[in-house]
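The values are calculated or read from the model by the stated rules, or taken from the named source; none is laboratory data. Remember, it's a predicted structure, so these values are computed and weren't measured experimentally. All Cβ positions, glycine included, derive from the backbone under ideal geometry; neighbour counts span all protein chains shown. In case anyone asks, the SASA skips ligands and DNA or RNA and just uses the protein heavy atoms, side chains included. Shrake-Rupley method; radii C 1.70, N 1.55, O 1.52, S 1.80 Å.
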Amino acid sequence: MPRYGVLTSGGDAPGMNAAIRSVIRCGIDRGFEMYGIYRGYEGLLEGDIKRMYGEDVADIMQRGGTILKTARSQEFTTDEGLDKAVNIIETFDLDGLVVIGGDGSLHGALALANRGIAVVGLPGTIDNDLGYTDFTIGFDTAVNTVIRGISSIRDTSSSHERTTIIQVMGRGCGDIALYSAVAGGAERVLIPEIPVDIDDVCKKIIIDANNGKTHSIIVVAEGAEIKGPELVEVIKSRTMKESRMVVLSYLQRGGSPTLRDRLLATRCGARAIEVLANYTGPKAIGEIGGQIIGVDLEEALRQKREVDLDLYNLVEVLSK
Ligand code: F6P
């Protein structure tokens, strides 16, 4: 009977548990022996691996985080670490792995594939920074959390007639900022992909104020060229308006996954088992145009994510 392991790696993302549940239960349904690998690649290197049954993944669909825990392993990125990982996989007699994580985690999976291990990668990250898939598991929940935050912050921003800078996560990708700026009705969005002039940002606040706007919300991606604290100071000095900054931070990573994330995770998990059952090479699972896809892992990781310019331009148009 084939034996497969599943691990979560990198930053946790809402929906990872739904993906684990789907991988374990679909694997068992196929007659496979399924194993949970704890604490990502770090746990793999330590052989922290346990057989999992259907009941081990009961009642986890609605929970954020990951029951398998997660980590960012330095050792795994070295040649010695990779050799050790292959040894452990062979010692545990695993026929392949499902890796749930972001860009770094999927590159780790590719490194294992290059050493002859059967792997399938699932896009588990709030950042939405993988080019081969429209959406990553956790992104929808994170953006919903951000827009709830914007709604609350808007009340205070409006009452005090302030400019409020809301800094969101995303590493080098501006999608969390962009989508939440559109859905949260922000006046401006600053993302890493599109540099903006700080003078322009201040000018717009002054023009908006002259047109009767008493407050503004600016969503800034953590990877944007202009950083939140700098922006607050420049706005205060150039517009003479009160300005505050809110860093939403790990609030964005937790919480119960939305319908979209639960469905994406569940469908990707099921496809991962299909791919392992008919293995022809390493694959990345994702979603394009609402359809679940399985594409060559190396090819998938080469694809650069393009920023949605229409969405970006809409922020400007709708904030007038
Ligand atoms: O990749 C997810 C993410 O939350 C990024 O948006 C952020 O830059 C990073 O992880 C934070 O990582 P850590 O958990 O190490 O603080």
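Both radii come from the Cα set of the stretch 113-170: Rg as radius of gyration, Rh as Kirkwood radius; their ratio Rg/Rh reads 1.26.
A Förster radius of 35 Å, combined with the Cβ-Cβ distance separating residue 30 from residue 78, puts the computed FRET efficiency at roughly 0.55.
Across all directions, the shadow cast by the convex hull of the stretch 210-261 built on its C-alpha atoms averages 5.8 square nanometres. For the pair the stretch 1-46 and the stretch 152-174, the centres of their Cα atoms are 37 angstrom apart.
Charges were assigned to the Cβ only: +1 to each Lys and Arg, -1 to each Asp and Glu. The resulting dipole of the chain about its Cα centre is roughly 860 debye. Rounded to the nearest 10 Å², what accessible area does residue 50 have for a 1.4 Å probe in the complete protein model? Residue 50 has an accessible surface of roughly 110 Å² with all protein chains in place. At q = 0.33 Å⁻¹, what log₁₀ I(q)/I(0) does the stretch 88-128 have when each alpha carbon counts as one equal point scatterer in the Debye sum? Taken in order of the listed q values, log10 I(q)/I(0) reads -1.11. As a length-normalised measure over Cα pairs under 8 Å and 6 or more apart, the relative contact order of the stretch 160-274 settles at 37 percent.
Between 180, 152, 243, the GNM of the chain built on Cα springs shorter than 10 angstrom shows 152 fluctuating the most. The fraction of accessible area contributed by carbon and sulfur in the chain is 49 percent, rounded to a whole number (1.4 Å probe; ligands and nucleic acids excluded).
Full extension of the chain between residue 249 and residue 303 yields a length gain of 16.7 nm, computed as 0.36 nm times the residue separation minus the alpha carbon distance. Convex hull volume per residue, computed on the Cα atoms of the chain, equals 120 Å³. The alpha-carbon of residue 236 sits under 22 angstrom from the alpha-carbons of these lysines, leaving out residues fewer than 8 places away in its chain: 203, 204, 213, 227, 320. Taking the Cα atoms of the stretch 210-320, the ratio Rg/Rh between the radius of gyration and the Kirkwood radius comes to 1.13.
The label point for residue 107 and the one for residue 259, both projected 7 Å from the Cα toward the Cβ, are 3.7 nm apart. For residue 260, the accessible surface of its heavy atoms amounts to roughly 120 Å² (probe 1.4 Å, protein chains only, rounded to the nearest 10). The simple spin-label model puts a point 7 Å past each Cα toward its Cβ; for residue 92 and residue 62 those points are separated by 3.0 nm. Taking the DSSP beta bridges with both ends in the stretch 1-66, the antiparallel portion is around 50 percent.
Between residue 188 and 217, 219, the built amide H atoms are under 5 Å apart, and every one of these is 5 or more places off in sequence or on another chain. Per residue, the chain reaches -13000 deg cm²/dmol at 222 nm when only DSSP H runs of four or more residues are counted, each adding -39500 (n - 2.57). Short-range pairs are left out: with C-alpha atoms under 8 Å and at least six residues apart, the relative contact order of the stretch 12-139 is 26 percent. Among rounded, prolate and oblate, which fits the stretch 137-218 when a ≥ b ≥ c are the square roots of the eigenvalues of its C-alpha gyration tensor, a/c under 1.5 means rounded, and a/b larger than b/c means prolate? Cα axes put the stretch 137-218 in the oblate bin. Largest mean-square fluctuation among 142, 85, 58, in a Gaussian network model of the chain whose springs join Cα atoms under 10 Å apart, belongs to 58. Please say if the stretch 1-107 is rounded, prolate or oblate, where rounded means a/c under 1.5 for a ≥ b ≥ c the square roots of the C-alpha gyration tensor eigenvalues, and otherwise the choice is prolate for a/b larger than b/c and oblate otherwise? Oblate, because a/c is 1.5 or more while a/b does not exceed b/c. Using a cutoff of 8 angstrom between alpha carbon atoms and counting only pairs six or more residues apart, the relative contact order for the stretch 99-139 works out to 36 percent. Within the chain, what percent of beta bridges assigned by DSSP are antiparallel, to the nearest 5? Taking every DSSP beta bridge within the chain, about 25 percent pair in antiparallel fashion.
Across all Cα atoms of the stretch 28-172, the radius of gyration (one decimal) and Dmax (whole number) stand at 19.2, 63 Å. Seen from residue 36, the other residues with C-beta closer than 13 Å to its C-beta sum to a net charge of +3, counting Lys and Arg as +1 and Asp and Glu as -1.
Exposure check, 1.4 Å probe, all protein chains in place: residue 29 carries approximately 140 Å² of accessible surface. Using only alpha-carbon positions in the stretch 64-123, the gyration tensor eigenvalues give semi-axes of 18, 13, 12 Å once each is multiplied by 5 and square-rooted (largest first). Ranking 195, 281, 131 by Cα position along the charge dipole of the chain, where only Lys, Arg, Asp and Glu carry charges on their C-beta atoms, puts 195 farthest toward the positive end. Is the stretch 185-224 rounded, prolate or oblate when judged by the Cα gyration tensor, a ≥ b ≥ c being the square roots of its eigenvalues, rounded requiring a/c under 1.5 and prolate requiring a/b larger than b/c? Cα axes put the stretch 185-224 in the oblate bin.
For the stretch 236-267 versus the stretch 302-318, the inter-centroid distance based on Cα atoms is 18 Å.
In the context of the full set of protein chains, the stretch 232-320 has a per residue accessible area of 57 Å² (1.4 Å probe).
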